[in-house]
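Enquirer: I'd like to ask some things about the structure below.
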Amino acid sequence: MQRLDKILSEAGVASRKTLRDMIRAGRVTVNGTAAARPEEKCDPAADVILVDGRPIRPPGPVVVMLHKPAGYVTSTDDPRDPTVLELLPEEYRRLGLFPVGRLDKETEGLLLLTNDGPLAHRLTAPRRGVEKTYEAAHTGTAGEADVAAFAAGLTLRDGTVCRPAVLEPLGPGRSRVSVCEGRYHQVRRMLAARGLPVTYLLRTAEGGLTLAGLPRGQCRLLTEAERRLLEAEGRGYG
């Protein structure tokens, strides 16, 4: 960690004296929040530092966690529907972020966005086995036969073969599902195949990451510890 004014000075933004005035005038933001003091400690490799709304240098890889609400498509551009990028602060949208995997339009919950292509590939490759967990509301009540069918690996009505997954009944009309794939509408289709059509779906976790109180529609940068955890998830299965 380094002093903010030192980082800015070494990036060639201005002299230390000028930088102190710029920071006090609110012209410098760190991760979307106006910096309060020149001596504020930052990590130039992980924090998004902007001066007058512009990055101080070409940013390195960034990973953002978003609590996606319903009604937004998981895309960088769409002619008809609002995209998840529209939920990000302007300073993040300038970083070339794209979604890691997909959540369908009506599914809510944890969605990662990054500008790190190799990391995104590792996290979405089925052979890596990165687990994603969902809370589902559905018609009917899941039973032991449904749990066994998920554990064995379901074959969907169109012939798609799903890898073994975990179904945990939570009571009438509620279940928790954990999968290691990201097929099109997979959790909805798996539950429907067992006569449990979904009425609401929320992704609560991916690998070791959880929403952890992040409000719907809000986002934040991953911490350094979370970044290391995510990197380990992406490496750990082949």
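The values are calculated or read from the model by the stated rules, or taken from the named source; none is laboratory data. Everything quoted here is computed from the prediction, not taken from an experiment. Glycine also receives a Cβ, built like all others from the backbone with ideal geometry; neighbour counts cover every protein chain displayed. What goes into the accessible areas is simple: the full protein's heavy atoms, side chains included, and nothing from ligands, DNA or RNA. Shrake-Rupley method; radii C 1.70, N 1.55, O 1.52, S 1.80 Å.
Enquirer: Nothing charged except the Cβ atoms of Lys and Arg (+1) and of Asp and Glu (-1): what's the magnitude of the dipole of region 1-121 about its Cα centre? Round to the nearest 20 debye.
Expert: Here region 1-121 has a charge dipole of around 620 debye.
Enquirer: Could you work out how much longer the chain between D81 and T141 gets when fully extended? Use 0.36 nm per residue separation minus the Cα distance between them, nm to one decimal.
Expert: Taking D81 through T141 to full extension adds about 18.3 nm, to one decimal.
Enquirer: Would you please put 102-108, 215-221 in order of how densely packed they are, using the mean number of other Cβ atoms within 10 angstrom per residue and starting with the highest?
Expert: In decreasing order of mean packing, 102-108, 215-221 become 102-108, 215-221.
Enquirer: Still on this model: Could you give the dipole magnitude of the chain about its Cα centre, charging the beta-carbon of Lys and Arg +1 and that of Asp and Glu -1, in debye to the nearest 20?
Expert: 300
Enquirer: So which trypsin sites (Lys or Arg not before Pro) in region 1-35 end up in coil per DSSP with only 16 or fewer other C-beta atoms within 10 Å?
Expert: Sparse-neighbourhood loop trypsin sites (Lys or Arg not before Pro): R27.
Enquirer: Now, a different point. What would the Debye equation give as log₁₀ I(q)/I(0) for region 104-238 at q = 0.17, 0.19, 0.22 Å⁻¹, counting only Cα atoms as equal point scatterers?
Expert: Here log10 of I(q) over I(0) equals -0.95, -1.14, -1.39.
Enquirer: Send over a whole-number figure in Å² for the accessible area per residue of region 66-116, probe 1.4 Å.
Expert: 42
Enquirer: Which whole number of Å³ per residue matches the convex hull of the alpha-carbon atoms in region 1-59?
Expert: Given the Cα convex hull of region 1-59, per-residue volume reads 66 Å³.
Enquirer: Follow-up question, since we're still on this one. With runs of 4+ DSSP H residues as the only contributors, calculate the mean residue ellipticity of the chain at 222 nm using -39,500 (n - 2.57) per run, divided by the residue total and rounded to the nearest 500.
Expert: Dividing the helical sum by the residues of the chain leaves -6500 deg cm²/dmol.
Enquirer: Could you state the angle between the C-alpha long axis of helix 224-235 and the longest principal axis of the C-alpha atoms of the chain, as a value from 0 to 90 degrees rounded to the nearest 10?
Expert: 50
Enquirer: Follow-up. What is the calculated FRET efficiency for A148 to R183, with r their C-beta to C-beta distance and R₀ = 22 Å, to the nearest 0.05?
Expert: Here the calculated transfer efficiency is 0.60.
Enquirer: Can you return the lysines within cross-link range of K17? Criterion is Cα-Cα under 18 Å, with same-chain partners fewer than 8 residues away left out.
Expert: K6, K41
Enquirer: Between R216 and R24, what is the label-to-label distance in nm when each label sits 7 Å out along the Cα-to-Cβ direction?
Expert: Rounded to a tenth, the inter-label distance reads 4.4 nm.
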